[in-house]
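What follows draws every value from the coordinates through simple rules; no lab data is involved. Note that the structure is predicted; figures quoted are calculated from it, not measured.
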Amino acid sequence: MEESSGVDALEGPLFMLRTIFNVFWKPFIWLLSWIVALVYILASPVLALANGLLTVAGLPLRILLKFEAFLYYATGAVLTGASVGLLLYFTNTALFQLLQRHNSTEPPLLEDSESVKDEPIDWESKWTDPSPKLSSTIVEEEENSQDSP
């Protein structure tokens, strides 16, 4: 008598499962592959148009990449300037507050008084000159030029 191995015993049920899988799932997979191919064929003009639009949209970025070294330099300069500016601002603010606290016993240089705030400022009188020197100077020059010939 021949002894059968355990592998031979499993070949029968595995063959049956493989056959059942092929009978039920192969037509479904075949139909699904045809549907995917049809969708790809119908969508290919849209994909080509999208590819062209993305190429045109990426053109400015490709031009900017030509100036990559300058952009690195400018970005570094902007970040350095902003950080140093903020450092100076906060340092000056802190020092000003510190000095203002130590000199709080002295009277402030500019006092806010209600009388000064209530008086209206006449800006027109400050800018206009009561004696028109310019016009008299021009007239004198005209008189002098007529006398000389």
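Quick notes
- For LEU38 and LYS66, the difference between the fully extended length at 0.36 nm per residue and the C-alpha to C-alpha distance is 5.9 nm.
- Karplus 3J(HN,Hα) series, Hz, for the range 79-93 with 6.51 cos²θ - 1.76 cosθ + 1.60 (x for Gly, Pro): 5, 5, x, 5, 5, 5, x, 5, 4, 5, 4, 5, 5, 5, 5
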